[in-house]
Structures are given as structure tokens and as C-alpha cells.
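Following: one structure in C-alpha cells, then a few remarks.
What follows is calculated from the coordinates using simple rules that are stated; it is not laboratory data. What you see is a predicted model, and the numbers here were worked out from it, not measured in a lab. Reconstructed Cβ throughout: ideal geometry from the backbone, glycine too, with neighbour counts over all protein chains shown.
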Amino acid sequence: MEYVIIGNGIAGVSAAESIRPIDREGRITMIGDETFPPYCRPMISMVLEGAVGSDRLPIRGADFYERLDIRPLLGARVSEIDVDGKTVITEKGEAVSFDRLLIASGADPRPIKAEGLDLKNIFFMRTEAHVRGMERALPDVRRALVLGGGLVGFKAAYGLMCRGIEVTLLIRSGHPLSMQADAAAGKMILEKLTGRGLDVRTGLAVTAFSGKGRVRQAHLTDGSELPCDLAVIGKGVLPSRSFIPRDHIDLDLGVLVDDYLETNVSGIFAAGDVAETTDIARRSRWVNAIWPEAEAQGRIAGMNMAGQKIRYGGSLSRNVIRIFDTDILTAGIVTPESDAVYTAIQSKDPLYGTYRKMVFREDRLVGAVLVNRIEQGGVLTALIRSQMPITIEKERLLDPLFNVKMLMKQ
Amino acid sequence: MKQIMIHPERCVGCMQCMAACAAAHSRSGHLFAATLESPLPKPRIHVGSGLWEEGFPNRCRHCDPAPCLFACLPGAIFRDEKTNTVRVDPDRCINCASCAMACPFGVIRYHAVPFRGGKKVVAVKCDNCIERQGRGEIPACVEVCKSGALTFEESGEAMKRKTDAVSRSVSAGAEGTELPEGFSLLRAIKKARLQLQERR
Ligand SMILES: Cc1cc2nc3c(=O)[nH]c(=O)nc-3n(C[C@H](O)[C@H](O)[C@H](O)COP(=O)(O)OP(=O)(O)OC[C@H]3O[C@@H](n4cnc5c(N)ncnc54)[C@H](O)[C@@H]3O)c2cc1C
């Protein structure tokens, strides 16, 4: 059996690790753009922050490929999949044939349209190489501009602030992390950040960057100028799918997969940030580009590629964000669109700095926001996942003393 | 292999297990000295209360497969196969709380531990008192539990004891279950008190 895995991020790595114990003979080839050993992508922001060195990034030993008897093709980008010929072709023209293929190419930063993007010190923040570039630039940086208040933009801003750099964050909506947090939690985050000196501007975009060789100013849509000697573009990510033939493989925003993480083409699977799965809370297709889902999808896809039939229960958006002394945990639907379908309850305790919100669809929990005292977040997440009817008073879930026992039959 | 078993129906909510656990994971290992330490030792077993304020000792189940282990971003959570214990490597842990979202029992906490100067905040959970077991001692929470809510035994034996108790309780002329009456009485009192409060 010839297994080919495109991408050596956590989805690809987990897939390889679950194929190998089931099929000891099959040949596994991993094609990956990045040459760094398998690493913890979310941790790159901690490298920027200065909390850890990049030597702490790898999550598997240098012997990973050897230990699992994997043929690595690193520093190679797949440019084409020949579905009928069961072959993938790299940019360098190398052809690798497969019986089972996993597309685990992750996501790429969403590009922006602006002039002067070729200037030095304008970065995306997706790979360890990006952060290495930023680290090299840091000694000469006094003022930085971060575009986008999503998870990455926010983490970039936080990391730069920790380095003592003056940061301006440009965001479209009224508060950062509008995809992750509801308005109330978003406002609490915003207050924390501005309280520590972050300059936040909303409703503005960059039209151009200028400078001699390296960036010096950003020109904004309201005609104003902002001095900056480093800029980070954090306007979200898009599934990395340019090499996927849409006339053969069904695509929406991501690669569409069934409950077994297989695409419409038998033998071709997808997992991780590139895959579009069924979202448990939303009950619709969704790209949940988060680490734990990439890990689970890779693991399950790998088992299915090796001939087992393991069902993937669907994905759930969730995140924990820790800034200064505040923790924010969110899961599922946090800002319901319709009052007819969803009911939300919330509580706030200014003394402890806590805020909690639960979103229900009928008697099922579909979303939760916890600001501080987040320890029971896993119980709530499990409730959203299982879609178990909530038979106790819903307000109980808002109680900081809520625990799993309260859900058990007496 | 012996494991810690929880029998919540016997928990009276005295929280002695919490104090013993914190002391067992302190620098000194002794309760009184532990109260003076920095970082202040904290328990890894958490006595909460159910809907009727019944005691509920909650600790890591060392699940297999373990959701926290899969969700861990830096790969700091691992299984110690010999003792079947899910452990956190404080050196690798980045305090991201990804495991907080994964644990369906809500038993992971985040604070400093006596590790490298005791400044680093990390994920902390029950480690089955591996160190104590290495010295031939039983887990601290079990040692201190007076009501039998925590036992340390082979899981097969515990299962058999429970099955026997059930079969005794359904056979003719049986003396009832092995649970002494005091436990159900305590429970009934707590419940009645809450119900009275509600009615008021
Ligand atoms: C700064 C930052 C912070 C984050 N924080 C969190 C967090 O706190 N919690 C969380 O859950 N998630 C977080 N994430 C998201 C998380 O990192 C991703 O969800 C996860 O890494 C996805 O894994 P993956 O394997 O699907 O894709 P990736 O990690 O993107 O790996 C895909 C790999 O495939 C390679 N590739 C792409 N196209 C090709 C091609 N054509 N040929 C060959 N190779 C190719 C890529 O170079 C890449 O190495 C964060 C991400 C970033 C950038």
C-alpha cells in the first residue's frame, strides 16, 4: 500500500502516527513545504513574545521520520494532484503515486491588497520561519502595526507588546477576536489590552505601505498616516488548496469530507485546517481551523486510510486565550444570530472578574463563553459535543461551582 | 495494578483528601510545613458538591485514550505506561489550557508547582502519587480518607465487590447493601435542608 500525505503539520503527523501501527509494511511518503521538524505552530507566538526559544517548538524528535519508517520529501511543494492517475506532482516535477492520499496542507495567511507589500519588515505570522524573520528585525523596531484582530493578529500584537514595542492594532469590528468571543468578552479583552498600552483602531484598513527598502509608514483608508517599522498581517487564514483540482475533488471554502474524512474521491482524504467538516454546534459544514481538531482529524483519517472504519464525530470551534492575568475560554456558538432558535443566559461577577455565558438550542448546550475560572470548560465542551439534553436548571451551568457530578443521575 | 477508586456515595465532603494531596505534592511533604511554602501547595483532587450538596471527590481518571493528551499543544501530556498514569511534563507545558477544554471531568488546574524555582505556572493534575508509590506508600488521598470514599485496589476486585453487593441486595433475606445507613441519612438530611430552603 502506498500512502502519501501532503503536509507535515499536526494533521499529517497524527495521520502517519496512526497509519503505522496498523500497517507496518505500507510505504508512507510525507511531502512538506517546511523543512523544520514537526513543530507546535501555536507556539510561534510565544517565540515572538520571547517566552520560549525556537528550540522548544518541535513536538517530535528529529528521528520522527526514521522511527515510523516514513519517506520525507521536505522543502517540496505539491503543485498538482492527478486524480485519475493516482499521482501527486511537486513543483520540481517529481511524481509520487499513491493508493491512499491525505490532503493535510493546512492553511495560508489571507493576503491583503495594498501597495508596498514588497517592503522589508512586513510579515505574515504562520510559520516558524516567519517568526524567525520577525525576531531578526526586532532590535531595530520601535513601533509596530498589526492588521487584523483575529487570533493571529491578536497574538502578534500581544507578543510585540511583551517585547516592549509600541503596537497599533487595526481591526474591522468593534473588538478583537470577534470570531472567537462574544461582544461582552471581546470588550473585556479590549479593555485589558488598551489598559496595557495597546493602541486599537477600528473600522480602518491599510491602502499602502511606504519606506525606503523597509517599511516606515502605513497609509490608512481615512487618509491618515501611521509610522511603523514592522507590520504583521493577521487577517485570518484560508485553506491551502490551490493545487487541488476542483473538477475532481469537491471544494467549498475547504476540502469537503464525509464522516470518515474521505473526500468524494475514494481513497483521497483530508484533515486539519484545509478540511471542511460538519460543525456539531452549527449543524452545518464549517472549517474549524484549530489544533485539537487537526490532530483528531489526522488521527482518524490515518486509521481510515489504513483500512479501518472510524467515524469522526464532527468538529467544534473552541479556543482558550490567555492575556496578562485574564483567561477566556469559548466553545461552539457564542454569538447566536437568531433569538427564535437559541436562548442565551449569562452572569457576571465583577469582584472575581468573571463572565459566563451559555447558549442553548432547545435543551441542548451549543455554546459557552467563560472569562476566568475556566476549569470546567471541558465539561461544557463535552456537553456541546455529546448534545446530551440538559435536564438540570440551565442556570446551574453558569455557577462557578458547577461540576460534572451535577449532570450525573443521582 | 492497584488503582485509586472513587465511591462518591461514601463521600461526606470533609475535604481531608485535598489537604493530604496538597501536602503530598509540597516541597516538605508535611502538612504544617507545606502551609508556609511558596508556591503554596494546592490539591489535585477537588471535592465539589452535587445538586443536593452531596460530596463529590473529583480527580483525574487517567482516561485511555486521554482527550487531554491528544489536545496538548506542546506534547507535554504523556502516559506513563508502567503505572497507567497520565502525566504532565512541567518543563514542556506552556500553560495554554488547551487541556482545560478537553477534560470532560474538569480536573485540571493551572498554578505554580515546586519545579525550577516554583515560578512557572503549569497544568496540574493527579499523578497517582507516583513518588509515594515508589516509596511503597499508597496515594495520600486514599490514606487519609476515613469514610471509604477513596480506595486503592485492583480494579477487578473493586468491580467484584460492587457486583456482590448488588446481588446481595436483590437476593431474598439479604441484609441490604454494604453501605452503612449513616451515609444515606446524611444525604437525606442535606437534601431535605435544601428543599426546605427552596420552599421558603
Ligand atoms: C500564531 C498562531 C497561533 C495559533 N494558536 C492556536 C491555539 O492557541 N489553539 C489552536 O487550537 N490553534 C491555534 N492555531 C492554529 C493551529 O496552529 C492550526 O489549526 C494547526 O496547526 C493546523 O494543523 P494542520 O496540520 O492542519 O496544518 P498546518 O500546521 O498548516 O500544516 C500544513 C503543512 O503543509 C504544508 N503545505 C501546504 N501546502 C503544501 C503543498 N502544496 N505541498 C507541500 N506542503 C504543503 C505547509 O507548509 C505546512 O507545513 C494557531 C496558529 C497560528 C499561526
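When all alpha-carbon pairs of segment A:325-408 are counted, what percent fall beyond 19 Å?
Every Cα pair in segment A:325-408 considered, those over 19 Å come to 30 percent.
Mind jotting down a quarter of the surface of the convex hull over the alpha carbons of segment B:19-120, in square nanometres, one decimal?
If I average the Cα hull's projected area over directions, I get 7.5 nm².
Using Cβ-Cβ distances only, list the Cys residues of chain B with no partner cysteine under 4.7 Å, sorted by number.
Result for chain B is B:Cys11, B:Cys14, B:Cys21, B:Cys63, B:Cys72, B:Cys93, B:Cys96, B:Cys103, B:Cys129, B:Cys145, no neighbouring Cys Cβ within the cutoff.
Give me the log10 of I(q) over I(0) for segment B:19-61 at q = 0.15, 0.17 Å⁻¹, as the Debye formula computes it from C-alpha points; what are the numbers?
-0.43, -0.52
May I ask you to compute the full-extension gain from A:Arg196 to A:Ile112, defined as 0.36 nm times their residue separation minus their alpha-carbon distance, rounded to one decimal in nm?
27.4 nm
Please turn the phi angles of segment A:238-252 into ³J(HN,Hα) values with the Karplus equation 6.51 cos²θ - 1.76 cosθ + 1.60 (θ = phi - 60°), one per residue in order, whole Hz, x for glycine and proline.
These are the phi-based 3J(HN,Hα) values: 10, x, 7, 9, 4, 8, 8, x, 6, 6, 10, 10, 5, 10, 10 Hz.
Among the DSSP beta bridges whose two residues both lie in chain A, what percent are antiparallel, rounded to the nearest 5?
55 percent
Would you calculate the separation in nanometres between label points at A:Ser210 and A:Asp250, each defined as 7 Å from the Cα along the Cα-to-beta-carbon direction?
Roughly 5.1 nm, to one decimal.
Under the rule of at least 5 residues apart or a separate chain, name every residue whose amide H is placed under 5 Å from the amide H of A:Gly32.
Excluding prolines and chain starts, which carry no amide H, the hits are A:Gly7, A:Leu73, A:Leu74, A:Gly75, A:Ala76.
With bins 20 Å wide starting at 0, give me the P(r) of the protein assembly as shown over every alpha carbon pair, in whole percents.
18, 48, 29, 5, 0
Which residue fluctuates most in the GNM of chain A (Cα springs below 10 Å): A:Ala114, A:Ala331, A:Ala104?
Maximum fluctuation in the GNM of chain A, among the listed residues, is at A:Ala114.
Could you tell me how far the Cα centroid of segment A:55-84 sits from the Cα centroid of segment A:346-395, in Å?
After rounding, the separation between the Cα centres reads 40 Å.
When each pair of different Cα atoms in segment A:122-233 is counted once in the 1/r mean, what is the Kirkwood radius in angstroms, to one decimal?
The Cα-based Kirkwood calculation yields 14.1 Å.
Testing the spin-label approximation: label points 7 Å from Cα along Cα→Cβ at A:Ser224 and A:Met179. State their distance in nm.
2.6 nm
Along its three principal axes, how long is segment A:68-132 when you only count alpha carbons? Whole Å, largest extent first please.
Here the Cα extents, ordered largest to smallest, are 44, 28, 19 Å.
For segment B:65-191, what mean projected area does the convex hull of the alpha carbons give, in nm²?
One quarter of the hull surface, i.e. the mean projection, equals 11.3 nm².
At 7 Å along the Cα-to-beta-carbon direction for both B:Ala192 and B:Arg116, put a label point, then send me their distance in nm to one decimal.
A separation of 5.6 nm, rounded to one decimal place.
Helix B:155-170 versus the longest principal axis of chain B: what angle, 0 to 90°, nearest 10, using Cα atoms?
Helix B:155-170 sits roughly 20 degrees off the main axis of chain B.
Largest first and in whole Å, what are the equivalent-ellipsoid semi-axes of segment A:188-254 based on the Cα gyration tensor, each being the root of 5 times an eigenvalue?
The answer is 33, 20, 11 Å, longest axis first.
Please report Rg (one decimal) and Dmax (integer) in Å for the Cα set of segment A:1-62.
13.8, 44
What FRET efficiency comes out for A:Asp140 versus A:Glu91 if R0 is 25 angstrom and r is the Cβ-Cβ distance? Round to the nearest 0.05.
0.15
Expressed as a whole number of Å, what is the distance separating the alpha-carbon centroids of segment A:181-257 and segment B:42-111?
So the two Cα centres are separated by 35 Å.
At q = 0.14 Å⁻¹, what log₁₀ I(q)/I(0) does segment B:62-123 have when each alpha carbon counts as one equal point scatterer in the Debye sum?
Once normalised to I(0) and log-transformed, intensities are -0.37.
Compute the FRET efficiency between B:Leu31 and A:Asp63 as 1/(1 + (r/R0)^6), taking r as their Cβ-Cβ distance and R0 = 56 Å, and round to the nearest 0.05.
Step by step, r from the Cβ atoms, then E = 0.80.
Output ³J(HN,Hα) for segment A:382-394: one whole-Hz value per residue in order, computed from phi by the Karplus curve 6.51 cos²θ - 1.76 cosθ + 1.60 with θ = phi - 60°, and x for Gly and Pro.
Here the 3J(HN,Hα) series is 5, 5, 5, 4, 7, 6, 6, x, 8, 9, 8, 3, 4 Hz.
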